[in-house]
Amino acid sequence: MTSGNPLGKPTSPQPPSGQPAGQKPAGQKVWRQRRQELEHRIRSCPTDVELYRELAEIYRKDQRPQESARVLNEAIRMFPDNESLLWDLEEAKLARSLQQYREVADLASKLQTNEVERELKRSKNDWAYRRIEVCKARLDRDPSLTQLHFVLAEALYDCGQCDDALEQLEPLVGLDEYSPQAFLLKGKCLLELGREGEAMSALRASALRRSVPAPLPIRVAGLRLLCETAERLHVDLTLKHYRNQLATSEQELVQSVADNKGASKS
């Protein structure tokens with residue numbers, strides 16, 4: 001939940017040494033020197049919040065979220081009400097949880113044992129619960145962060161709390177900006193709950209509404225679930241229609257991907 005930062009609207013610290021935001025300085029030596037410089041400046045000027053934030057950001061970009069959290073916890077002890085520090089600490093916690101999940105998933109792809117499977121399930125749940133924790137905290141601080149309801153719903157769905165996920169999706173299905181993906185996730189939740197008729201209605205709203213056309217990947221995902229569900233329920237008449245729509249949408253998606261690749265090369 002951190003890439004592209006779907007968890008809200010962070011205010012990033014200034015990048016080090018005039019580098020573009022989010023870009024690591026060229027060479028590990030320069031990176032290490034900047035960290036050392038910031039550590040020294042913090043010791044001599046411990047009241048400058050932006051020094052802590054920049055150092056924490058460097059650690060996080062360098063795949064060291066635990067060190068990032070250490071720096072931010074130190075800063076928060078001095079500035080407990082600083083919302084930017086709280087935000088950055090949440091980002092560090094998310095980064096660490098995702099890092100652990102990816103490490104275990106990589107191990108599970110190589111070692112298929114019961115112990116590794118248990119650890120994979122544990123780390124996956126931790127990633128979901130961490131997102132839930134952060135989303136709820138951010139919504140408490142700023143209820144206007146509407147997009148967090150969707151991120152929270154995804155995390156609730158991932159850990160099997162489908163009724164709670166549906167509650168978070170309710171305000172989004174009426175907003176054109178969010179409704180296609182909200183209806184898609186609503187359909188998935190309803191399928192998990194065994195409410196297949198309601199699920200098909202939500203999936204149709206996600207994939208087939210003319211008033212709010214869904215992005216192609218969402219349309220394809222919704223139509224695939226519609227086809228699977230209609231086939232399982234033996235709804236043969238509409239199944240043929242869904243399959244035709246799916247075939248057309250998949251062709252459009254393939255063409256769109258090819259066009260984007262061509263545009264990126266030119």
Those helices (runs of 4 or more DSSP H) lying entirely in region 26-108 with at least 1 residues under 20 Å from Val134 (Cα atoms): 49-61, 65-78, 83-108
Test result for Leu7, crowded, with 17+ Cβ neighbours inside 10 Å and at pLDDT 80 or above: no
Qualifying residue in region 217-232 (condition: over 18 Å from Lys186 (Cβ atoms) and under 26 Å from the mean Cα position of the chain (by Cα)): no
Output for region 133-153, where each listed residue is surrounded by fewer than 21 Cβ atoms within 10 Å (Cβ to Cβ) and among the charged types (D, E, K, R): Glu133, Lys136, Asp140, Arg141, Asp142
Matching residues, region 157-178, being under 22 Å from Ala214 (Cβ atoms) and surrounded by 15 or more Cβ atoms within 10 Å (Cβ to Cβ): Tyr157, Asp158, Cys162, Ala165, Leu166, Gln168, Leu169, Leu172, Val173, Tyr178
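The values are calculated or read from the model by the stated rules, or taken from the named source; none is laboratory data. Quick caveat, the model's predicted, so the values are computed rather than measured. Every residue, glycine among them, receives a Cβ derived from its backbone with ideal geometry; neighbour counts consider all protein chains shown.
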